[in-house]
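To keep things clear, I will list the structure first and then write my remarks on it.
The values are calculated or read from the model by the stated rules, or taken from the named source; none is laboratory data. None of these values were measured; they are calculated from a predicted model. Positions of Cβ are backbone-derived with ideal geometry, glycine not excepted, and every protein chain shown enters the neighbour counts. Accessible surface areas use protein heavy atoms only, side chains included; no ligands, DNA or RNA. Shrake-Rupley method; radii C 1.70, N 1.55, O 1.52, S 1.80 Å.
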Amino acid sequence: MVTGGVTKFAKAHPSMDFRLMVKRAYDYALKDIPELTADRIDGTRISYFSDHFTRQLKAASMVQDYLGMNPKGSIRLEWGGATGGECFQAAYEAVASGRMDICLAAGFETMSRVATWKGNEFIALASDTNFDFPLGGFYTGYYALMVVRHIYEYLRLGKFADVKDEREAQRLAIEEGCRVMSLVSVKNHLNALHNPYAQYPKRLTVEDVLNSEMISYPLTREQICTMSDGAAVAVMCSEERAKEFTDRPIRVIGVGTGTDTMRLADRPFGKVPLMPHERARDYENLPYPGVHSFRAGRAAGLEAYRHAGITNPNRDLDFIELHDAYASSEIQTYEDLGLCKYGEGYAFTERGDPFLKGIDYGFPVPNAGAIPVNPSGGLIACGHPVGATGLMQGVFAFWQLQGTIAKHFGDPALQLKNPKRGAIHSHAGTGSAVTVSILERGFR
Amino acid sequence: MRARPPTFDKFRDVQAELERTGAAIFRDTDGVESLVIKFPYQINYIHSYAEDSPFFLGLAEGKLKGSKCRRVKCGFVFATPRSHCMVCGSPTEWFDLPLTGRLHSWTTCHFGSEAFLKETPYNLALVEFAGVGSVLLARLKDCVESDLYVGMPVEARFDPNPKYSITDVWFVPSG
């Protein structure tokens, strides 16, 4: 990867349609490496999630011609919430296979053109329309079902295993789970105070998060990402070409994808695919994945780590930009990606491992800096224009590894010290599809 | 000739104007003006339940139909039916699920898609059945958020005026 660009994500960009948003991100990316001109680009991979939001089918063709890319080759990609992550990998594959020397990945979404609850309806159409959607068709409801079970498996049967009264034990477990989820929300909103691209940067307390509007029990508004308008682009090229454009290229050293059933109700009870640091005896009585964990995330992580030669993600990665559509799914994903064992996500959060050093979160984070997760603010604070989101993560990770955060954010606070390797993680509806890509600094 | 639509700096004012007259101009912080119009978008989709049809016809008869893999060595049992086994790919056969189960997980939705907003708050539940390898998503009625817990026994109720929708069945607390 040699350059990238992102538009500021916003609730609505009425003065830009999807073509102009992509153009702005694209112009920014090309301005960053003036030696790269449009004629050098061999082709494109373009992603957006929903024709319902765009009310323009084949919108990728209109991006292609707005950028002046015709008659070069292009493929449109769609994979629910993981659309942007898939586009990132498709551009990587176009170059890695030798099909192209230079490939542009571009993604966008314009979600503001319908009212919020209509937008929720469009998104919920990405659940089974026979068995799921007619019941209330609501993604926050689905993630709430998942986290209630996650809390049951790991807090009720863990920290609160000794509480005799079943209902009291579950009540205590949910209270505890919500408190820890709020720490994630505080982290991501606060990190975003230093990210000018973010839609909802703010300083919150745990109480603010817990007391915000209940959307689907136990998830409150501040634990949930919002809909956004936005675009992002990334340019991939072969190693030989990369040197012509930048002395700070970033290498993509691992890609992984995983899938699971569309319906939550179909998730079977089997065995955990193990990470190198886990043993079968760790999970003897754990029905997996059930609805509490994302098997697709585990599969994507395993493939990407194997590809990149990573055996211990905490040691081998310096940061992760992961798909925190919900504070709950960020904690679930720590476990899927092997940052801690299944069941340890809440304790891992409380210890502070995924927090940034040097930022005052308003509560103690003893292990801050161990493996920063969503230093940019993630989806919860940056917004989630679906087709752009996975590419946004790629661009933020790229700048992080280049050491150019201060230049692009106009603020050095989020720049990690000398990061060598990072991961990006993109996730589709209830974990039905996940991509993980590993990026590494390609210069000394 | 039509008079130029009114201009607004706030997008919600634009949306209100669209409801009134169907057109408005939005001016952003850079002074850029964009014409915004109301563009209705409705469809009646001709939806076939196809191979899932027996399940929905069953609901109208007060039956919950699951499916079971026909291959003896597999025999996986699905609460949410499918006509071919997800584990081994063999055809499945229909069977009647018990009408009682337990909550595998639950939530109370205080918001929902536009189509369901007027029904909020409503409960969603994943229901597990003894001896069945997957679960079923359904509404849960006659109870409130504070009543609910994982493992709670529930039983099925059916709409006496079926609409041929998954909402023709719901669960209530047992007993």
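Within the option set B:Ala156, B:Ala125, B:Ala79, being in contact (Cβ under 8 Å) with a residue 40 or more places away in the chain, closer than 23 Å to A:Thr129 by Cα and more than 9 Å from every other protein chain (Cβ to nearest Cβ) holds for one residue only, B:Ala156. For the range A:202-216, how many residues meet the condition of being part of a loop (DSSP other than H, G, I, E, B), open to solvent by 50 Å² or more (accessible area, probe 1.4 Å) and of a type outside the set (Asp, Glu)? Qualifying residue count for the region: 3. Out of the range A:320-361, which residues are under 20 Å from the mean Cα position of the chain (by Cα), touching a residue at least 24 places away in the same chain (Cβ under 8 Å) and on the phi > 0 side of the Ramachandran plot? A:Gly338, the sole residue that qualifies. Restricting attention to the range B:4-17 and to residues that are of a type in the set (Asp, Glu) and surrounded by 13 or more Cβ atoms within 10 Å (Cβ to Cβ), the residue that is farthest from A:Met16 (Cα to Cα) turns out to be B:Glu17.
For the range A:78-182, the helices (runs of 4 or more DSSP H) that sit wholly inside it and include 2 or more residues that are outside the structural domain of A:Val235 (by TED's automatic domain parsing) and under 30 Å from A:Glu244 (Cα atoms) are A:83-96.
Here is a yes/no grid of residues against (1) open to solvent by 50 Å² or more (accessible area, probe 1.4 Å); (2) within 17 Å of B:Lys63 (Cβ to Cβ); (3) free of Cβ contacts under 8 Å to residues at least 24 places away in the same chain:
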{"residue": "B:Ser134", "(1), (2), (3)": "no, no, no"}
{"residue": "B:Leu137", "(1), (2), (3)": "no, no, no"}
{"residue": "B:Asp142", "(1), (2), (3)": "yes, no, no"}
{"residue": "B:Ser146", "(1), (2), (3)": "yes, no, yes"}
{"residue": "B:Asn161", "(1), (2), (3)": "yes, yes, yes"}
{"residue": "B:Tyr164", "(1), (2), (3)": "yes, yes, no"}
{"residue": "B:Val169", "(1), (2), (3)": "no, yes, no"}
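Report whether or not A:Asn367 is open to solvent by 50 Å² or more (accessible area, probe 1.4 Å) and either of a type in the set (Lys, Arg) or not in a loop (DSSP other than H, G, I, E, B) (or both). No, not satisfied. For the subset of the range A:25-77 comprising residues that are among the hydroxyl-bearing types (Ser, Thr, Tyr), assigned to a loop (DSSP other than H, G, I, E, B) and buried (at least 20 other Cβ atoms within 10 Å of the Cβ), which member is nearest to the chain's Cα centre (by Cα)? Only one residue fits best here, namely A:Tyr48.
Exactly one residue out of A:Phe122, A:Phe138 is more than 7 Å from every other protein chain (Cβ to nearest Cβ), under 21 Å from the mean Cα position of the chain (by Cα) and over 25 Å from A:Lys202 (Cα atoms): that is A:Phe122.
Which members of the range A:238-275 meet the condition of being open to solvent by 20 Å² or more (accessible area, probe 1.4 Å) and within 16 Å of the chain's Cα centre (by Cα)? Scanning the range A:238-275 gives A:Thr257, A:Thr259. Restricting the range B:82-122 to residues that are under 24 Å from A:Phe269 (Cβ atoms) and within 8 Å of chain A (Cβ to nearest Cβ), the residue that is surrounded by the most Cβ atoms within 10 Å (Cβ to Cβ) is B:Thr107.
Of the residues making up the range B:93-134, those that are hydroxyl-bearing (Ser, Thr, Tyr) and in a strand (DSSP E or B) number 5. Is the range A:173-189 home to any residue that is within 14 Å of chain B (Cβ to nearest Cβ), free of Cβ contacts under 8 Å to residues at least 40 places away in the same chain and in contact with a Lys or Arg (Cβ under 8 Å, 6 or more places away or on another chain)? Yes. Against the list (1) touching a Leu at 6+ places or on another chain (Cβ under 6 Å); (2) not in a loop (DSSP other than H, G, I, E, B), the condition B:Val150 fails is (2).
Residues are listed down the side, and each one gets a yes or a no for (1) under 21 Å from A:Phe133 (Cβ atoms); (2) open to solvent by 50 Å² or more (accessible area, probe 1.4 Å); (3) within 11 Å of chain A (Cβ to nearest Cβ):
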| position | (1), (2), (3) |
| --- | --- |
| B:Arg2 | no, yes, no |
| B:Glu19 | no, yes, yes |
| B:Ala23 | no, no, no |
| B:Ile46 | yes, yes, no |
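Residue check: is A:Pro385 touching a residue at least 24 places away in the same chain (Cβ under 8 Å) and in contact with a helix residue (DSSP H, G or I) (Cβ under 7 Å, 6 or more places away or on another chain)?
Working: touching a residue at least 24 places away in the same chain (Cβ under 8 Å): yes; in contact with a helix residue (DSSP H, G or I) (Cβ under 7 Å, 6 or more places away or on another chain): no.
Judged against the criteria, A:Pro385 is not a match.
Within the bounds of the range A:226-237, is there any residue that is modelled with pLDDT under 95, in a loop (DSSP other than H, G, I, E, B) and open to solvent by 20 Å² or more (accessible area, probe 1.4 Å)? Yes, the range A:226-237 contains at least one residue that is modelled with pLDDT under 95, in a loop (DSSP other than H, G, I, E, B) and open to solvent by 20 Å² or more (accessible area, probe 1.4 Å).
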